[in-house]
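First the structure, in the form of structure tokens, and then the observations on it.
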Amino acid sequence: MSTYAFTRAVTIFAVGFLLLNAVLLIMIDRIVWAVVFAVVALFAVIGWFWFRRAMAELVDARKEMKREVESLRDLLHTHRKE
């Protein structure tokens with residue numbers, strides 16, 4: 001399972017669990033706690049999107065660093081031949 005699929009599955013499970021708690025709390029007239037659980041579920045979704053964006057930026061940075069290392073190796077290789 002890829003990291004994307006795994007984090008998505010865990011996020012869906014967590015959000016589902018939190019929303020289930022919110023619904024059950026509404027059923028026993030604990031509105032404040034239900035709202036707290038719903039807000040935490042929303043933060044979980046927002047956090048997942050933030051995490052995915054951060055991981056994409058890291059992948060891009062890693063590719064850029066790899067290109068820089070390759071160019072430095074090529075430069076060193078050409079100077080050794082001379």
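Quick notes on this one:
- Heavy-atom surface of the chain, accessible at 1.4 Å and reported per residue (Å²): 87
- Over every Cα atom in the chain, the radius of gyration and the widest Cα-Cα span, Dmax, amount to 23.0, 81 Å.
- Protein heavy-atom surface of the chain, 1.4 angstrom probe: 71% of the accessible area is carbon and sulfur, with nucleic acids and ligands not counted.
- Estimated translational D of the stretch 36-82 in µm²/s (Stokes, Kirkwood radius over Cα pairs; 37 °C; 0.692 mPa s): 241
- Cα long-axis angle, helix 3-27 against the chain (0 to 90 degrees, to the nearest 10): 20
- With the highest mean first, a sort of the peptides 38-46, 24-32 on other beta-carbon atoms found within 10 angstrom per residue produces 38-46, 24-32.
- For the pair S2 and V59, label points projected 7 Å from Cα toward Cβ lie 0.6 nm apart.
- Simple Cβ-charge dipole of the chain, Lys/Arg +1 and Asp/Glu -1, about Cα centre, in debye nearest 20: 180
The values are calculated or read from the model by the stated rules, or taken from the named source; none is laboratory data. The structure displayed is predicted, hence computed values, not measured ones. We place every Cβ from the backbone using ideal geometry, glycine too, and count neighbours over all the protein chains shown. The accessibility values were calculated without ligands, DNA or RNA, using every heavy atom of the protein model including side chains. Shrake-Rupley method; radii C 1.70, N 1.55, O 1.52, S 1.80 Å.
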